[in-house]
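Working notes, beginning with the structure itself.
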Amino acid sequence: MVPSPPHYVKSDPPVPAGAVSIPPVANSHGMATRGKTGYRQPRLALHIEALSPLPRYCHDALADPHWRQAMEDEYAALQDNHTLDLVPRPAKANVVTGKWIFKHNFHADGSLERYKACWVLQGFTQRPGVDYDETFSPVVKPATVRTVITVAHSKDWLIHQLDVKNAFLHGTL
C-alpha cells in the first residue's frame, strides 16, 4: 500500500466568548500563504518508542533513567571543560542560582536523537556593581550567520548543519 501524499487541513481556533474578531492579514500582493489562508500542516509522530515526558521538576527527571543520563552527561561536560567548578561558598557572597532545562532533540526524519538537559544560570539573581559582570552567555548574532552563509554561497562552498553537544567560548574544538 502506497501512502497518500501529505494534505493540508483547515483549522479554526476556538474563539472565547466576548473576544473581538480580528480580520485576516491582507497584503497588496496576490501571494497566498498558509498563515493567510488558515491551513496548518499536520505534524507526523514517527516515534517507534514512547518518549519520556518533559519533566517539570528536577526530582521527576532524576526518577527517569533517560533524563538522569542526560543530566549526568551535561554535568560531566561542564566539569570536563572547566565551565563549572564547585567551590566552598565565600562568606556573604551572592550565589547565582540555576535550573535544569529539558528537551527532546529529533533527527530530520522525526525520530528521537537524544534527551537533552541543560543547566542554565538565572542571571536575574545577580546584582549590578557586585557580581553583574562575572557570568555571560555568548550568542551568535543573526547578521553573522547571514554573512557566513552569503560568503559560502558566493564561493560555492558546501554548507552542513552541525549540532554541537556542548560549545564553550574558549573550548578546544
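The values are calculated or read from the model by the stated rules, or taken from the named source; none is laboratory data. Because the structure is a prediction, the values reported are computed rather than measured. Cβ sites come from the backbone with ideal geometry, for glycine too, and all protein chains shown count toward neighbours. Ligands, DNA and RNA are stripped out before the accessible areas are found, and what is left, the full protein with its side chains, is counted by its heavy atoms. Shrake-Rupley method; radii C 1.70, N 1.55, O 1.52, S 1.80 Å.
Numbers at a glance
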{"read-out": "Residue match in segment 78-85 (condition: at pLDDT below 85, touching a helix residue (DSSP H, G or I) at 6+ places or on another chain (Cβ under 7 Å) and open to solvent by 60 Å² or more (accessible area, probe 1.4 Å))", "value": "no"}
{"read-out": "Where Leu51 falls short, out of the listed (1) without any contact (Cβ under 8 Å) to a residue 12 or more places away in the chain; (2) outside any helix (DSSP H, G or I)", "value": "(1)"}
{"read-out": "Some residue of segment 153-165 being open to solvent by less than 100 Å² (accessible area, probe 1.4 Å) and modelled with pLDDT under 80", "value": "yes"}
{"read-out": "Candidate set from segment 56-77 (those that are aliphatic (A, V, I, L, M) and open to solvent by 60 Å² or more (accessible area, probe 1.4 Å)); member that is farthest from Trp119 (Cα to Cα)", "value": "Ala63"}
